[in-house]
Amino acid sequence: MGKEKGIVFGIQHFSIHDGEGIRSNIFLKGCPLRCLWCHNPEGLSSQMDVQYLEGKCTKCGTCQKVYEKLDWLKIQSTDIKMKYLNLCRHGALEQIGQIMSVDEVMEEVMIDQRFFKHSGGGITISGGEPMMQSDFVLEILKNAKKNQLSTAIETSGYSSWENYKKILNYVDLFLWDHKAGSDDQYQKLTGVSSKLIEDNLKKLYESGVKIRLRCPMIPGINDTEENFLAIRKKKQKMPNLSGCEIMPYHKMGVSKSKRIGDICSQEFEEPTTEMVKMWESKIQ
């Protein structure tokens, strides 16, 4: 039985963009990166969190009676946020993340079993950075394989090689992020060095597993000739990669970031269709 537990902030059914066929995406809390454009800021913290849904707030004043000078966007303490959650009777405060066992996760994803079977789909574990909960990930993967499901991991690559090594036999596809063309740019844009990421990718590729590069592209930030050249060189060095795709920037992370009071996602212009086509031509 899957007794290992982890913190999950969402399970998305009927996904068609994160691996082969129809998939259930499992989103795990916690991420060591702080990308300027973060699309899932609710997954950054490794703890459960609370988001403020302004549209449901009735301005009843209950929270102000307990805490003076309420300014939701400046509250950093998770404990205080959880106290607010229990005070609100109108659903304006919503918990992000829940502790789930492997069995509970599998029960949820197996709802889609018939779609997996007919489409060649399965589960994709994402985040956050799923490898921050590597033991939980391992047990989910083992259970998925017992149920003959296809498995994929979406990862930044920023974790110990030991964490990746222990899951190799249970992963059908690695969706591997490429975010910048140099270590300096990686550190400026994500807050971490790319050296560990590149070392892990080299080892993973040499192990013979299936890897697809995913390249988040943000206009005016990392859509540089240096970055496009780095992607092309990576494809040349690793001819057996299972594809390379551009992931165009979108603004959904900005509004989500504001709801949790942790303004980490900067807002950028979304690319046009023509711009995306041009980017795609530059990585061929």
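We did not get these values from a lab; they are worked out from the coordinates using the rules stated. Computed from a prediction, not measured in an experiment: that's the story for all the values here. Here Cβ is always computed from backbone atoms with ideal geometry, including for glycine, and neighbour counts include all displayed protein chains.
Numerical summary
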{"read-out": "Length released on extending from Leu241 to Ile99, taking residue separation times 0.36 nm less the Cα-Cα span", "value": "47.6 nm"}
{"read-out": "Backbone HN-Hα couplings from phi across segment 158-167 [Karplus 6.51/-1.76/1.60, Hz, Gly and Pro as x]", "value": "9, 7, 5, 4, 4, 5, 6, 4, 6, 9"}
{"read-out": "Chymotrypsin sites (Phe, Trp or Tyr not before Pro) within segment 136-176, DSSP loop, no more than 14 other Cβ atoms inside 10 Å", "value": "none"}
{"read-out": "Trypsin sites (Lys or Arg not before Pro) lying in DSSP loop within segment 211-284, provided at most 16 other Cβ fall within 10 Å", "value": "Lys251"}
{"read-out": "Max mean-square fluctuation residue, GNM over the chain, Cα-Cα springs under 10 Å, options Lys56, Lys165, Lys202", "value": "Lys56"}
{"read-out": "Listed residue pairs exceeding 28 Å between alpha carbons, taken from Lys59/Lys256; Lys5/Lys237; Lys29/Lys251", "value": "Lys5/Lys237"}
{"read-out": "Cβ-derived FRET efficiency at R0 25 Å, Ser160 paired with Ser182, nearest 0.05", "value": "0.60"}
{"read-out": "Glu267-Glu54 FRET efficiency (beta carbon distance; Förster radius 22 Å; 0.05 resolution)", "value": "0.80"}
{"read-out": "Fluctuation leader among Glu108, Glu94, Glu274 - the chain, Gaussian network, Cα springs under 10 angstrom", "value": "Glu274"}
{"read-out": "Relative counts (whole %) of C-alpha pair distances in segment 91-136, using bins that are 10 Å wide", "value": "20, 43, 31, 7"}
{"read-out": "GNM flexibility winner over the chain from Gly128, Gly19, Gly181 (Cα, springs under 10 Å)", "value": "Gly181"}
{"read-out": "Label corresponding to semi-axes √(5λ) of the Cα gyration tensor in Å when calculated from the structure given, among [x] 31, 20, 19; [y] 33, 25, 17; [z] 38, 19, 18", "value": "[y]"}
{"read-out": "Order of Ser193, Ser126, Ser119 under a 10 Å beta carbon neighbour criterion, fewest first", "value": "Ser193, Ser119, Ser126"}
{"read-out": "Antiparallel %, DSSP beta bridges [both residues in the chain], to 5", "value": "35"}
{"read-out": "Residue-span extension gain [Asn147 to Arg34] - 0.36 nm each, minus C-alpha spacing", "value": "37.2 nm"}
{"read-out": "Leu149, Leu168 arranged by Cβ crowding within 10 Å, fewest neighbours leading", "value": "Leu168, Leu149"}
{"read-out": "Sequence of Ser101, Ser194 once ranked by neighbouring C-beta atoms within 10 Å, starting from the fewest", "value": "Ser101, Ser194"}
{"read-out": "Rh (Kirkwood; distinct C-alpha pairs) - segment 106-192, Å", "value": "14.1"}
{"read-out": "Spin-label zone in segment 1-40 - amide nitrogen under 14 Å from a point set 7 Å from the Cα of Gln113 along the C-beta vector", "value": "none"}
{"read-out": "Projected label distance in nm at Glu206 and Lys277, using a 7 Å step from Cα toward the beta-carbon", "value": "4.2"}
